[in-house]
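Everything below concerns the one structure shown next.
The values are calculated or read from the model by the stated rules, or taken from the named source; none is laboratory data. As the structure is a prediction and not an experimental result, all values here were calculated from the model. Because the Cβ atoms are built from the backbone with ideal geometry, glycine has one as well, and the counts that use them run over all protein chains shown.
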Amino acid sequence: MSDEIAVLVVDDSALMRNLIGHMIDDTPGLAVADKAMNGKFALDKIPRVNPDIIVLDLEMPEMNGIEFLKERKKQGITIPVIILSSIARRGAEITMEALSLGASDFIQKPSGSVSEDIHLVKDTLVGMLFGYGGSYRKSQGRKLLSPSEYKEKPAKATSSPDLLVHFNLSPAVTEPAKSPTPVRKPANTEIIAIGISTGGPDALRVVFSQLDADLKIPIMVVQHMPPGFTNEFAKSLDRICPLEVKEAEDGDAILPGRVLIAQGNKHLEVERKALNHPVARLSDAPLVSGHRPSADVLFASVAMAYQNHVLGVIMTGMGRDGAQHLGTIYKEGGMTLGQDEASAVVYGMPRVAYELGHVMEQVSLQKMARRICDVAKTPR
């Protein structure tokens, strides 16, 4: 296993353990540390196999995923956990409970508890394993393979041609391109738009718990998440945020101090007619930047509706969604922030935005809420 990220796979289905194990074995830089059929066996194996990350099913006999997370917390185990979630039964509610108990993120099984088509979410799962597992491995002072060492393993093939960029394994960040010239000066912030993906559930919990209660500015969020989960996700954020947080519905009023979370599989936009209050619009338009909802769609919409009164924020995530139209906010005279490399689980989306010259200021996760509030409240 040497310097590869070691993954412990915990699922009561032998088929699922094998399918996930094959995906890990086929990916340069990852290795299966061991497999377990329930939480009890996983706890027994952790001291021996010393994994960097755990992939955890929720529905298992003897000790299920929730029970495992409670015991993990009790024992002070800090190894990150990625949940394998089924939409079946109370899937979304239980998944959010798992996140509140310290799980880092989740993947929805494509077709229920035993998903023979689990390969459909391979890129997302692998991105999380590199992001969370790599961060934990570095925090423990363990070596990570260099990008050149990943390329030197031709026996293994990955399904993603953009492995190095997507999973934050590429060489050092290049100097940003020349920033666009704004057509007008920044004005008072009237809306905040946030685009975020892999690493987002954890990151948004940090940011939203630290926002000022008197931040009387509407916030719209695109978090890449499957349909069926965003309502429970919004409820979980509402419990820890001093502002109102809800899943966006078509026609929702965009109000000061209200946070709207995009629905899974629906684009989120703003409609702002001359004599009417602005409202949220949902659409089934085609995927943009590979996503629906897309941060690019939200950013383009708020830039058109609010011009130089927008604060755009791009945070942790694979790929490049949001990077292009964060530049549209910049061009219209709005303000832009990007999460920095050190604090991003996957420095993909904010990296591309930074290299395009679309980020005015890079901010760490721990300082993001404070910076959002300060920028949004500053008169211009």
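The set of residues from the range 344-367 being touching a residue at least 40 places away in the same chain (Cβ under 8 Å), under 15 Å from the mean Cα position of the chain (by Cα) and either in a helix (DSSP H, G or I) or farther than 17 Å from G322 by Cβ (or both) comprises M349, R351, L365. When E341, E355, E269, E249 are checked against the criterion of being in contact with a Phe, Trp or Tyr (Cβ under 6 Å, 6 or more places away or on another chain) and of a type in the set (D, E, K, R), a single residue qualifies: E341. Does any residue of the range 58-79 turn out to be within 22 Å of A14 (Cβ to Cβ) and under 19 Å from the mean Cα position of the chain (by Cα)? No: zero hits.
With respect to being modelled with pLDDT of 90 or more and either part of a loop (DSSP other than H, G, I, E, B) or in the same structural domain as I53 (by TED's automatic domain parsing) (or both), Y132 fits the description.
Does G333 satisfy the condition of being of a type outside the set (A, V, I, L, M, F, W, C) and at pLDDT 95 or above?
Judged against the criteria, G333 is a match.
For the range 46-60, what are the residues that are charged (D, E, K, R) and crowded, with 18+ Cβ neighbours inside 10 Å?
Start the filter on the range 46-60 by keeping residues that are charged (D, E, K, R), which leaves 48, 52, 57, 59.
D52, D57, E59, listed by residue number.
Out of the strands (runs of 3 or more DSSP E) lying entirely within the range 182-293, which hold 3 or more residues that are without any contact (Cβ under 8 Å) to a residue 40 or more places away in the chain and either closer than 22 Å to I82 by Cα or in the same structural domain as E341 (by TED's automatic domain parsing) (or both)? Reasoning before the result, please.
Numbers: elements: 191-196, 219-223, 244-247, 258-261, 267-271, 279-283.
Of the strands (runs of 3 or more DSSP E) lying wholly inside the range 182-293, those with at least 3 residues that are without any contact (Cβ under 8 Å) to a residue 40 or more places away in the chain and either closer than 22 Å to I82 by Cα or in the same structural domain as E341 (by TED's automatic domain parsing) (or both) span 244-247, 267-271, 279-283.
Test of understanding: among V55, V32, V121, which residue is at pLDDT 95 or above, among the hydrophobic types (A, V, I, L, M, F, W, C) and within 20 Å of G199 (Cβ to Cβ)? The match here is V55. Go through (1) within 17 Å of M315 (Cα to Cα); (2) modelled with pLDDT under 95 for L275 and report which single condition fails. Going through (1) within 17 Å of M315 (Cα to Cα); (2) modelled with pLDDT under 95 one by one, L275 breaks only (1).
Taking the conditions (1) in contact (Cβ under 8 Å) with a residue 24 or more places away in the chain; (2) surrounded by 17 or more Cβ atoms within 10 Å (Cβ to Cβ) in turn, R17 satisfies each one other than (1).
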